[in-house]
Ligand SMILES: Cc1cc2nc3c(=O)[nH]c(=O)nc-3n(C[C@H](O)[C@H](O)[C@H](O)COP(=O)(O)OP(=O)(O)OC[C@H]3O[C@@H](n4cnc5c(N)ncnc54)[C@H](O)[C@@H]3O)c2cc1C
């Protein structure tokens with residue numbers, strides 16, 4: 001489990017349930033490394049303002065994270081973290097590597113407006 | 001940008017929450033100076049990018065950048081500093097006696113004195129294809145992304161300590177590492193150069209610059225140009241790691257502040273800029289050595305100078 005203040009996804013069942021039962025979900029799948037920490041920070045910071053979005057993290061090296069590691073949208077990803085945006089159960093956007101607050105807000109505003 | 005709807009007025013506003021800004025905050029808070037630290041990114045700045053900081057005195061030698069950042073933040077907070085972090089600075093006005101900083105396009109904070117400690121950002125290559133392949137073959141962090149390149153061929157761009165040290169660390173994963181550097185010599189310590197040169201997996205292409213990235217769906221390599229002969233050639237690789245230094249975060253500053261040719265703020269030894277009451281500290285200013293300890297030193301001097309300025 002990652003030591004962030006975000007809610008954690010800790011199994012495939014968890015993941016399925018969250019993605020199916022929430023309209024807008026952002027999940028950051030990473031490690032406690034330099035490229036991932038800033039993304040978790042931004043998510044923690046946006047949680048209050050974007051109350052129509054559910055924010056989660058997932059530990060990249062856990063076996064259950066395969067659900068995101070092997071997701072078709074991540075087929076070409078070679079940089080941590082893998083960040084996914086799900087709308088009504090469907091992955092509408094995914095990014096690889098560090099993203100700025102502006103880049104994240106731009107995606108949230110377009111996909112979950 | 002002068003605005004009338006000021007959210008709150010402080011004695012000092014610090015722009016940047018890296019080691020320079022946090023140290024300035026500790027000194028100002030302790031002197032009971034009303035201080036706000038405004039930080040665009042994660043608290044800690046570039047420190048957060050460091051897995052283990054072995055050269056900061058008085059802490060465990062394997063302390064992570066994040067933990068050191070949280071300790072510094074807690075200390076500044078304990079002395080009464082306010083924080084606005086992960087915000088976007090959308091306006092800075094240094095013209096009046098009361099200087100103003102606008103964040104997120106809505107809130108405006110004012111202060112008698114400003115300390116600019118906005119640090120630096122990794123320098124991008126600035127060639128076609130770089131943003132397209134970021135995270136999909138192009139990386140700026142060997143410890144984060146090295147394992148995606150197990151048994152692959154990679155390029156490391158740069159010739160300083162970071163580039164050479166990261167090239168060596170990437171040989172744990174990669175089959176072959178080629179260092180591409182624009183000069184005929186490295187800007188690194190003898191020790192770092194020797195370690196890289198003695199590693200059988202590392203080869204070097206000197207005096208060459210990347211012109212563009214080659215790839216369509218996936219990254220295939222780069223086209224390079226020899227700096228002297230201007231001859232162009234292609235180098236194939238599965239990934240590219242870029243370590244070509246940092247650029248000062250001075251884009252959002254008004255033109256009235258004097259910068260050098262590299263866009264770093266020019267200060268005197270008291271961290272004073274050309275504008276009365278405006279100081280600069282850390283990697284954002286013109287100086288030779290950019291380390292956490294030097295940022296901390298700058299932050300201390302800037303805070304003490306700001307206190308002097310307020311007392312005048
Ligand atoms: C990978 C890596 C490893 C390193 N390892 C070491 C090491 O082991 N030991 C060591 O001593 N040094 C190390 N360094 C160097 C050290 O981290 C820097 O010299 C130091 O962090 C500089 O501190 P700073 O406060 O000046 O700036 P920064 O750390 O860059 O912090 C500046 C902060 O200001 C924010 N900001 C930017 N623009 C604005 C704005 N307009 N308004 C408000 N905020 C803004 C940024 O988001 C950032 O949070 C390393 C650097 C890197 C990148």
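Note on region B:217-272 and region B:1-23: Cα centroid distance 28 Å, given to the nearest whole angstrom.
Rounded to the nearest 10 degrees, the angle from helix B:161-170 to the longest Cα principal axis of chain B is 50 degrees. Spin-label pair residue B:161-residue A:90: with each label point 7 Å from Cα along the Cα-Cβ axis, the two points sit 5.2 nm from one another. Remark: the Cα gyration tensor places region B:124-242 in the oblate category, a/c being 1.5 or greater and a/b not exceeding b/c.
Shape of region A:7-112 from its Cα gyration tensor (a ≥ b ≥ c, root eigenvalues): rounded if a/c is under 1.5, otherwise prolate when a/b > b/c, or oblate? Taking the square roots of the gyration eigenvalues as a ≥ b ≥ c, region A:7-112 is rounded. For the residues B:240, B:43, B:275, a GNM of chain B with alpha-carbon springs under 10 Å puts the largest fluctuation on B:275. Taking B:287, B:99, B:230 as the candidate residues, the one with maximal mean-square fluctuation in a Gaussian network model of chain B, Cα springs under 10 Å, is B:230. Normalised by the number of residues in chain B, the mean separation of alpha-carbon contacts (under 8 Å, six or more apart) gives a relative contact order of 20 percent. Averaged over the residues of peptide B:41-49, the number of Cβ atoms from other protein chains lying within 10 Å of each residue's Cβ is 4. The angle separating the long axis of helix B:19-30 from the principal Cα axis of greatest extent in chain B is about 20 degrees. Between residue B:233 and residue B:130, full extension at 0.36 nm per residue minus the direct alpha carbon distance yields a gain of 35.3 nm. Peptides A:40-48, B:45-53 ranked from most to least packed, by the mean per-residue count of other Cβ atoms within 10 Å: B:45-53, A:40-48.
Each DSSP beta bridge with both residues in the protein assembly as shown is either parallel or antiparallel, and the antiparallel ones are about 45%.
Quick check: the angle from helix B:65-78's long axis to the longest principal axis of chain B, C-alpha only, nearest 10 degrees? For helix B:65-78, the angle is close to 0 degrees. Counting only DSSP beta bridges whose two residues both lie in region B:169-312, roughly 75 percent are antiparallel. Comparing Cα centroids, region B:129-145 and region B:44-123 end up 26 angstrom apart. Given region B:124-242, what percent of its DSSP beta bridges are antiparallel, to the nearest 5? Beta bridges within region B:124-242, antiparallel portion: roughly 40 percent. Legend: mean number of C-beta atoms from other chains within 10 angstrom of residue C-beta atoms, peptide A:94-105, equals 4.
So what is the 222 nm mean residue ellipticity for the protein assembly as shown from helices alone, if each DSSP H run of at least 4 adds -39500 (n - 2.57) and you divide by all residues, rounding to the nearest 500 deg cm²/dmol?
Per the formula, -7000 deg cm²/dmol.
By definition, a body whose alpha carbon gyration tensor gives a ≥ b ≥ c is oblate when a/c is 1.5 or more and a/b is not larger than b/c, and the protein assembly as shown fits this oblate description.
Taking each residue of B:136-149 in turn, how many C-beta atoms of other protein chains fall within 10 Å of its C-beta, and what is the average? Could you put the intermediate results ahead of the total?
Details: counts 9, 5, 3, 7, 5, 8, 0, 5, 11, 8, 0, 3, 5, 1.
Taking the mean over all residues of the peptide, I get 5.
Taking chain B as a Gaussian network, where each spring joins two C-alpha atoms under 10 Å apart, which residue of B:225, B:72, B:271 fluctuates the most? Maximum among the listed residues: B:225.
The numbers here are math on the coordinates, done by the rules we state, and not lab data. Not measured: the values here are computed from a predicted model. With ideal geometry, Cβ positions are generated from the backbone for all residues, glycine too; neighbour counts draw on all protein chains shown.
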